[in-house]
Structures are given as structure tokens and as C-alpha cells.
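J.: Attaching a single structure in C-alpha cells format; questions to follow.
Just so it is clear, none of the values below were taken in a lab; they were calculated from the coordinates. Keep in mind it's a predicted model, so treat the numbers as computed, not measured. Neighbour counts are summed over all protein chains in view; Cβ atoms, including those assigned to glycine, are modelled from backbone coordinates with ideal geometry.
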């Protein structure tokens, strides 16, 4: 019996439930809301049936044959918290907010996905009164996956914790060792799939510096209207109206990328985020400065064609299904729900090669006879679309969850 636990039914929790109903890998699913939701279980069922961004669950499961007016969720027992969706039993727990008090053991849950965004520190002890990610293990789960990046004061992850992105480093998972798992973030997932093939190909691996910006859709951490900042608010801009503003903020995508692709730590990497008033689908703009070579004909060894060739090869090779290469001219809504970690906008890949002049005198070398060196350097700009809620992040999180479950002995 394969039983999945989901803690929290916000954006990622709800869509995780949708995805696993569609995949049908788990025999049963147990979700924990930690409190009563609505006036009855019928209100929760109504919330799960429809989504303002992705439409009706019936259409998600059955395509055009799905009847948008006919609910696919049945309330089997309001008292016991039992729903039925497409023949699958969904048990709803509504009492415990502290992970260690959730009755995972009683319901034979093997893997828990924590999507609350509250319990992100893998070093916090399970008995912490504030609650902890490890509390799920004490509650009976065998593995817990956090649907965001770890946030901790410790410089390194505990030995039994690991950050994984499906298709990037999930093979590093050791089921006998790793019990607490981070699935990183939506932006890190997209970025990692863009960077990995470039670092592995000898033509593009000599990266000197890198930066990225994500033009990111709104999230529930933002405010619908302007509001007074919380006591410990660090970014006052997130308290401004999400509907009418472009908001510059931060992202931990660069630091998280260094965890899943360690070689990136040797490269100076900057990252920022620009929040925009759309519901989903975001865009990574990746800037790389690479050492290149100049042929006798004066052409750089790193060109737009070379970069696109590397990415296209990865899309049909090692990263097939996660990295998609496209030469079509699309806009953001075209990628809503698209099942890909990232879609490369190949038409807009650009490169420019120039020469970096290095004067020995600037290095403090007294070599008057040595001429200044001219080193060819290529700057590249690469764009990647990703549906930050469902198509990119939740789908890859689901792949990771199934993989971890399959490793349970």
C-alpha cells in the first residue's frame, strides 16, 4: 500500500494533490489542513474542484471530455474527513498543526510533502514547540520532502538532509541515509536545467561570471492591496499592492543552485527577482560571461548557434522531458500548465564577443617587454520560461516524490 501525505493545501499543496491524483502512483492520499476549513468538508471539496489559474479539476484529469459542471470529488464521510476523487480515497486531517502530532503512522503514510512554507529548517529538533520538518518523521512518516529551499543558520546541511532537483542531482539520493529532503524552489529548478548542460559541454563550460533575473509571477507572500509591514518585515516592497506594481525583490536561487550543482560555487553568481502582476509562468534571463577562443577567421568559439546546439542536445538527451527547446515565438500564457522544468526561448539567445585587455603592470609585474594580453570573452544571454506553479515546479516535485517512494524498502 502506497500512501502519500501532504501537509498544507495552499498553492503547491493543492496542485500537488491534483498531480498525484492524475499520476495514480499512490493508492491513498492523506492531507493535513491543521484546522477546520470552511463550514463543512463540502467547502474544502469545492476549493479543490476549481482553480482560478488552471480551471476545473475535471478538465485537468480528463481534458475536453471532463464536464466542468459536474464535480469529480465526492464527500464519502464528512465526520471522518473522507473524500473520493477519481476512485482514490483522500483522507483529510484537521486537528494537528505541529508536524509531530499529525497521525501519519496511523494512516500508514510513507512519504510526506510539506508545502506549508513554515517548516524549512532541517536542523530544528522534532520536539521544538514551534514545530519542525523533522516532526513528520516522529509522527510516523519515513521521508519528508519540503516544497521549498531549506532555510537554516547552520553553514551546511545535516548529514541526513539533501537538496534535490529532479533531472539534476536526484541520483545522489541515498534512501538509507537521507530522510529530510528539499525540492529547492521553482526558480532554482528552471535555472538548474538551463545551467547544467552548459557546464557539462566543453564548448561552454569556461564560465567566468554569471547572473540571472527571474521575471516572476505573483505569489501568496505578497499583498493584494498595500498593507502595514509586519514587525519583522525585511522587504517592505512585498507589502505593496501586487495588482498594479512591478516589484524588485530578492531570490535565493543562486545560493540554492550551488547546493545542487556544486561547481557553480566557483563562479561569481548574482541573482534577483522582479515580481509582476500575473498569476503564473515566469521567465529566467540568464547572463553568462565565458572565456572563448577566436578562430583564424576571427569567429568566436562560443556563439548563439553553439549555445542553442548545447541546449537542444540536452533536450533530447539527458534532460529530455524536463528541458524543452523551442524556436517558436510564444508569450507567457502559452506556457501555463506546460509540463517542463524550463522551456528555452531559442530565438532570443544572444552572444557578443569582445576582448579583455590584461596589462601585466596591473598585476604588479615588472615585465616591460611583455605586451598587454587580449583575452576573448563572450557574453551570452539566454531566456527560459517556466510555469512556476504547476507545469514546472509541482510536476518536478511529484517526479521526485514518486522516486523517493519507489526507494522505500
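J.: Once you have the alpha carbon radius of gyration of region 166-295, what is it after dividing by 2.2 N^0.38 Å, with N set to its residue count?
T.: Compactness ratio reported: 1.25.
J.: Further question: Taking square-rooted eigenvalues a ≥ b ≥ c of the alpha carbon gyration tensor, is region 3-182 rounded, prolate or oblate, where a/c under 1.5 means rounded and, failing that, a/b exceeding b/c means prolate?
T.: Prolate.
J.: Helix-derived [θ] at 222 nm for the chain: sum -39500 (n - 2.57) over DSSP H runs of at least 4, divide by residue count, nearest 500? Mind dumping the intermediate values first?
T.: Values: 8 runs with 80 residues, N = 409.
Dividing the helical sum by the residues of the chain leaves -5500 deg cm²/dmol.
J.: Going by a ≥ b ≥ c, the root eigenvalues of the Cα gyration tensor, does region 187-388 fall in the rounded group (a/c under 1.5), the prolate group (a/b larger than b/c) or the oblate group?
T.: Values: a/c = 2.50, a/b = 1.51, b/c = 1.65.
Judged from the Cα gyration tensor, region 187-388 comes out oblate (a/c at least 1.5, b/c at or above a/b).
J.: Beta carbons within 10 angstrom, averaged per residue: use that to sort the peptides 299-308, 266-275, 187-196, highest first.
T.: Highest-to-lowest ranking by the protection proxy: 187-196, 299-308, 266-275.
J.: Between region 178-255 and region 48-123, what's the alpha-carbon centroid distance in Å?
T.: Using only Cα atoms to place each centre, the spacing works out to 27 Å.
J.: Using Cβ counts within 10 Å as a stand-in for footprinting exposure, how do 350, 216, 170 rank, fewest first? Numbers along the way, then the final one.
T.: On the way: 350 13, 216 24, 170 18.
Listed from fewest to most nearby Cβ atoms, that is 350, 170, 216.
J.: So how long is each side of region 106-229 along the principal axes, counting just the alpha-carbon atoms, biggest first, in Å?
T.: Largest first, region 106-229 extends 53, 47, 28 Å along its Cα principal axes.
J.: What length, rounded to one decimal in nm, is gained on full extension from residue 347 through to residue 240, with 0.36 nm per residue of separation minus their alpha-carbon distance? Working shown, then result.
T.: Working: separation 107, 0.36 × 107 = 38.52 nm, distance 3.47 nm.
Separation in residues times 0.36 nm, less the Cα-Cα distance, equals 35.0 nm.
J.: Between region 386-409 and region 259-279, how many Å separate their Cα centres?
T.: With region 386-409 and region 259-279 each reduced to a Cα centre, they are spaced 21 Å.
J.: In percent, how large is the relative contact order of the chain, given Cα pairs closer than 8 Å and 6 or more residues apart?
T.: Relative contact order here is 15 percent.
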